[in-house]
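Beneath this line is the structure, given in structure tokens, with notes to follow.
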Amino acid sequence: MEASCSLRSSKFISTPIRPLHHPLSIASTISISVIRDPNFGSSLRLVRRKNRLSIRVSSSDTLVAGSREVVSKKEEDLGDLKSWMHKNGLPPCKVILKEKPSHNEKHRPIHYVAASEDLQAGDAAFSVPNSLVVTLERVLGNETIAELLTTNKLSELACLALYLMYEKKQGKKSFWLPYIRELDRQRGRGQLAVESPLLWSETELAYLTGSPTKAEILERAEGIKREYNELDTVWFMAGSLFQQYPYDIPTEAFTFEIFKQAFVAVQSCVVHLQASLPLEPDIEIFELVVKGSRLHSVTKVSLARRFALVPLGPPLLAYSSKCKAMLAAVDDAVQLVVDRPYKAGESIVVWCGPQPNSKLLINYGFVDEDNPYDRLVVEAALNTEDPQYQDKRMVAQRNGKLSVQVFHVHAGREKEAISDMLPYLRLGYVSDTSEMQSVISSLGPICPVSPCMEQAVLDQLADYFKARLAGYPTTLSEDEAMLTDSNLHPKKRVATQLVRMEKKMLNACLQVTADMIKLLPDVTVSPCPAPYAPLLN
């Protein structure tokens, strides 16, 4: 069963009951809240908090995953997203909204942004005024509060998700309802995508067995859970914001599952803004580092505006790893200038940032087989039990490395990555004290290299790559055969694409290592014993 990542709402009606008057009783207000859920009929939940009693049921404007979506008359009357935007200040633009079938036939077709006329590179496709952009500055109304929240325990995404969940509770009263309905319709998917694996079942996550991405997904889910537990902080620190919402505090108004779905929906469409649009994407500025569920970045845009939800932006725009076009903050708007010609009706793409395929899958639900930023991670660590550990740590730091060092293996540059690892690994194999003193006195990462040491280092690398490959339940050839099946489930397809690319890089690394072993002057030399060999993870 697929999980929906819609921004659910909980509508309830509270009926106050006069407090009882008795010398031994505490005056209390009992609130009875009744909600009818179109999918499950009417059901009640009794909640007692201190001297308040409420009966409440959550309902959603979108159906749960696995059931057929229904377009209500209410939605038809509200008109489409672009009409709403023009009504509220969007100037004339050169794009239209089109639709295409969803991966799941039970879901409505998804919308996408296409050129309304022929475009040339350098043309401005649209310019969304700030009044139609959701940022923390707008949500919290105070940049100081925004900085405090997002540098403490809550990410920008959590705050934005919470804001939209409360807005959805407002129903037709919410200014943002047309945009929220569009996010519901997209169900947290990009134009090339399935739902983020953060919403997959255990059975579906098993498609990623052997891939380190599976552990990243579980770690990110734990990060989202930690943020959920801190949501009430927003309520109390930004009380003026929530005065307009006559609802419970966040963790009582929304379950964790609803918050996670909303978080993933926001994650799939949040835009990282820069102050202006460079001719070439600025990798250093745009670099995203995932820490738990938080996204940190260096940018010229203020902290309170650096992450934004832009109608007409993703997920209505398709992502590409090789595109140069980016949404940028220009004066009082967010603008998109295209980087290539488009024919009228063609889908418009933007750059997704320098993210490896593992991050593209987690954040947006797709992988890019031509991704120039795709990479594997190899973690090497000096052995802390080594009597010479401190000396080796000092030498490593002197040469820009850490005692636990992460090496990135980029697709097509595997030989370069192996060459970068070798000096570090050789350092770990040095055992003779006099040799270590020679290394300390040298100016570069130079270690005495004997044939037996080199054999041992390369053997360890080869065994490491073989072990990683053995961790996958399928072989590379089996993956390639599986991908020829046109009926392969979309989630299994994208997972198989990811692990196939990982295996290609691992196989390439293994081949580079084997070629280096063949170049050794005497392959009959036994590897040197290494009681304190570095650790590879």
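The values are calculated or read from the model by the stated rules, or taken from the named source; none is laboratory data. Quantities reported herein were computed from a predicted structural model and do not represent experimental measurements. Here Cβ is always computed from backbone atoms with ideal geometry, including for glycine, and neighbour counts include all displayed protein chains. With ligands, DNA and RNA removed, areas are computed over all heavy atoms of the protein, side chains included. Shrake-Rupley method; radii C 1.70, N 1.55, O 1.52, S 1.80 Å.
Subtracting the Cα-Cα distance of E385 and A215 from 0.36 nm times their residue separation leaves 58.5 nm of extension gain. Computed from the C-beta positions of L303 and S477, the FRET efficiency with R₀ = 51 Å rounds to 0.55.
Cα gyration tensor of segment 490-537, axes a ≥ b ≥ c as square roots of the eigenvalues: rounded (a/c below 1.5), prolate (a/b > b/c) or oblate? Oblate, because a/c is 1.5 or more while a/b does not exceed b/c. Assuming R0 = 45 Å, can you tell me the calculated FRET efficiency for the pair A121 and S83, based on Cβ-Cβ distance, to the nearest 0.05? Once rounded, the FRET efficiency stands at 0.95. When the Cα positions of V457, L427, M394 are compared along the charge dipole of segment 378-463, M394 comes out farthest toward the positive end, with charges on each C-beta of Lys, Arg, Asp and Glu. Heavy-atom accessible area of R413 with all protein chains present, probe 1.4 Å, nearest 10 Å²? Accessible surface of R413 is approximately 110 Å². Our estimate of slack between N229 and S526, defined as 0.36 nm per intervening residue step minus the Cα-Cα distance, is 101.3 nm. For the pair H489 and E252, the difference between a 0.36 nm per residue extended length and the Cα-Cα distance amounts to 81.7 nm. With all protein chains kept in place, the per residue accessible area of segment 482-537 amounts to 52 square angstrom at a probe of 1.4 angstrom. For segment 428-537, the number of Lys pairs separated by eight or more positions or lying on different chains, with C-alpha atoms closer than 22 Å, is 8.
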